[in-house]
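A quick write-up on the structure given underneath.
The values are calculated or read from the model by the stated rules, or taken from the named source; none is laboratory data. Everything numeric here is computed off the predicted structure, so don't read it as measured data. Cβ atoms come from the backbone with ideal geometry, glycine included; neighbour counts cover every protein chain shown. Side chains are part of the model used for accessible areas, which takes the heavy atoms of the whole protein and leaves out ligands, DNA and RNA. Shrake-Rupley method; radii C 1.70, N 1.55, O 1.52, S 1.80 Å.
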Amino acid sequence: MSESKKSEWREKLFYQQKNGYDLIDAEESRLAFAYCEGYKQFLNASRTEREAVREAISIAESEGFVPYVPGMALKAGDRVYQSNRGKALMLAVIGEQPLSEGCVIAGAHVDCPRLDLKQVPMYEDTEMAFFKTHYYGGIKKYQWVAIPLELHGVVALKNGDLIDVVIGRDPDDPQFVITDLLPHLAADQMKKTLAEGITGEGLNILIGSMPYDDEGKDRVKLAILSLLYDDYGITEEDFLSAELVATPAFEARDIGLDRSLIGGYGHDDRVCAYAELRAILDVKTPKRTAVCILADKEEIGSEGVSGMKSRAFETFMEDLCDAQGVALRRCFENSFCISADVCNAFDPNFPEVSEKRNEAKVNYGMGICKYTGARGKSGTSDASAEIVAHLRRLFAENGVVWQLVELGKVDQGGGGTIAKFMAERNIDTIDAGVPVLSMHAPFEVVSKFDCWMTYKGVLAAYNE
């Protein structure tokens with residue numbers, strides 16, 4: 001056999017991945033970078049799930065979406081949304097085909113790991129005032145000390161008023177910090193494991209040190225409370241009905257001399273949330289109804305009324321189906337869902353936890369996870385071969401660069417998404433999203449190329 005024939009067979013039979021930048025031209029690279037400027041703005045405006053939903057609604061309304069009112073008449077091309085308690089969001093563009101033919105769903109989550117303030121958070125010790133916290137989601141606790149923090153959230157008063165609190169976002173605002181032990185005195189701390197060096201009860205946020213001008217006790221705490229009362233009209237008791245969280249005070253920034261990466265807080269999973277939001281905004285009149293879900297509570301198991309286990313999604317979809325005289329179960333059994341969640345990108349600094357042949361790589365495109373879960377595939381929906389083949393065809397037809405990936409070595413650990421909760425509704429579902437470096441850290445990193453391809457992948461699914 002000639003060398004040229006051997007080469008031809010290699011090209012035909014081998015599966016060979018290529019760096020995404022070798023597959024696109026300069027114009028598409030420019031489009032990818034331009035798309036990411038919008039994403040960075042969204043990320044900076046969305047420090048909590050409430051803020052992400054608020055920002056998404058603002059963007060959607062500027063693109064013609066209107067609040068859905070049960071019973072309203074809808075026709076192909078109409079664009080509606082419904083907010084779930086201000087913490088989750090569902091949007092739909094009505095398709096040409098009836099909902100009995102199913103719909104195309106993309107679902108991401110907009111909650112992120114953070115530090116929640118406890119219900120009675122404020123105390124004074126050695127004439128310094130602090131907030132007690134309870135961490136939310138999977139974090140490495142040591143990463144949250146000695147970095148600048150912001151305070152975001154709401155305080156619900158007994159009279160029903162809701163007060164928005166944002167401190168640390170504006171350049172002139174004060175910020176906060178959790179102090180760490182100096183290395184000169186850290187001999188015992190350094191002997192502990194990373195998990196033990198900083199404890200959950202040790203994540204106490206420093207919020208002030210100037211005493212109130214009187215002779216009573218807890219003068220610093222009183223001074224801080226007086227400031228909060230002057231600015232927001234709240235008292236210590238009002239913390240009992242508050243949702244206040246501390247987030248890293250990092251702006252989204254380009255990373256690398258070539259600006260090919262984005263660093264920021266909350267890529268998991270707002271990078272996918274923005275991709276599917278932008279995609280549904282760019283849909284005109286699809287064949288099948290396009291649905292975008294921005295869910296809450298994924299980082300703690302999709303629990304609660306605003307998580308993906310909630311029946312809020314069924315209620316929204318049942319209303320749409322009832323308007324067409326379609327049974328919801330028939331819609332679901334003919335639907336397809338992309339569970340748009342991030343995947344782990346291979347990090348050459350930590351190769352021991354990965355299996356390189358099946359790990360996502362930066363700049364290799366949208367990461368498709370046939371299954372997530374842990375070890376023996378526990379906690380996963382495990383998409384069928386037919387679904388993967390469907391995406392192969394769809395992405396090939398639409399110039400979407402993608403890769404099939406899994407989360408690290410089999411026995412190393414694992415994770416989950418909303419996919420299994422969509423599959424439980426009898427909806428064919430597969431995980432797909434942006435590979436992330438330093439996932440769940442206060443400052444994560446993603447590739448602009450991968451962000452762009454994830455948007456293109458969701459848009460291709462919507463326009464199928």
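So, in the stretch 225-252, of the ones that are open to solvent by 80 Å² or more (accessible area, probe 1.4 Å) and without any contact (Cβ under 8 Å) to a residue 60 or more places away in the chain, which residue ends up nearest to residue 33 (Cα to Cα)? So the residue we want is 231. Across the stretch 282-314, the number of residues qualifying as in a helix (DSSP H, G or I), closer than 14 Å to residue 89 by Cβ and either without any contact (Cβ under 8 Å) to a residue 24 or more places away in the chain or not acidic (Asp, Glu) (or both) comes to 2. With respect to the conditions (1) closer than 20 Å to residue 45 by Cα; (2) out of contact with any Asp or Glu (no Cβ under 8 Å at 6 or more places or on another chain); (3) in a strand (DSSP E or B); (4) open to solvent by less than 80 Å² (accessible area, probe 1.4 Å), residue 129 falls short on a single one, namely (1).
Note on the stretch 361-379: among residues that are at pLDDT 95 or above and among the aliphatic types (A, V, I, L, M), the one that is nearest to residue 273 (Cα to Cα) is 366. Determine the pairs where a residue that is within 11 Å of residue 363 (Cβ to Cβ), located within the stretch 10-22, has a partner that is assigned to a helix (DSSP H, G or I) with Cβ atoms under 6 Å apart, the partner being 6 or more residues away or on another chain. Hits for this filter: 20/449. Open to solvent by 30 Å² or more (accessible area, probe 1.4 Å), at pLDDT 95 or above, over 22 Å from residue 335 (Cβ atoms) and among the acidic types (Asp, Glu) - does that describe any residue in the stretch 70-90? The answer is no, given that none of the residues of the stretch 70-90 is open to solvent by 30 Å² or more (accessible area, probe 1.4 Å), at pLDDT 95 or above, over 22 Å from residue 335 (Cβ atoms) and among the acidic types (Asp, Glu). Criterion first (hydrophobic (A, V, I, L, M, F, W, C), touching a strand residue (DSSP E or B) at 6+ places or on another chain (Cβ under 6 Å) and surrounded by 14 or more Cβ atoms within 10 Å (Cβ to Cβ)) does residue 321 satisfy it? For residue 321, the condition - hydrophobic (A, V, I, L, M, F, W, C), touching a strand residue (DSSP E or B) at 6+ places or on another chain (Cβ under 6 Å) and surrounded by 14 or more Cβ atoms within 10 Å (Cβ to Cβ) - is not met. Filtering the stretch 377-419 to residues that are part of a helix (DSSP H, G or I) and among the basic types (Lys, Arg) leaves 392, 393. Can you name the number of the only condition in (1) farther than 30 Å from residue 98 by Cα; (2) aliphatic (A, V, I, L, M); (3) open to solvent by less than 10 Å² (accessible area, probe 1.4 Å) that residue 338 fails? The one condition residue 338 does not meet is (1). Exactly one residue out of 238, 170 is part of a loop (DSSP other than H, G, I, E, B) and of a type in the set (Asp, Glu): that is 170. Given the structure, is residue 115 within 24 Å of residue 297 (Cα to Cα), open to solvent by less than 80 Å² (accessible area, probe 1.4 Å) and either among the aliphatic types (A, V, I, L, M) or part of a helix (DSSP H, G or I) (or both)? For residue 115, the condition - within 24 Å of residue 297 (Cα to Cα), open to solvent by less than 80 Å² (accessible area, probe 1.4 Å) and either among the aliphatic types (A, V, I, L, M) or part of a helix (DSSP H, G or I) (or both) - is met.
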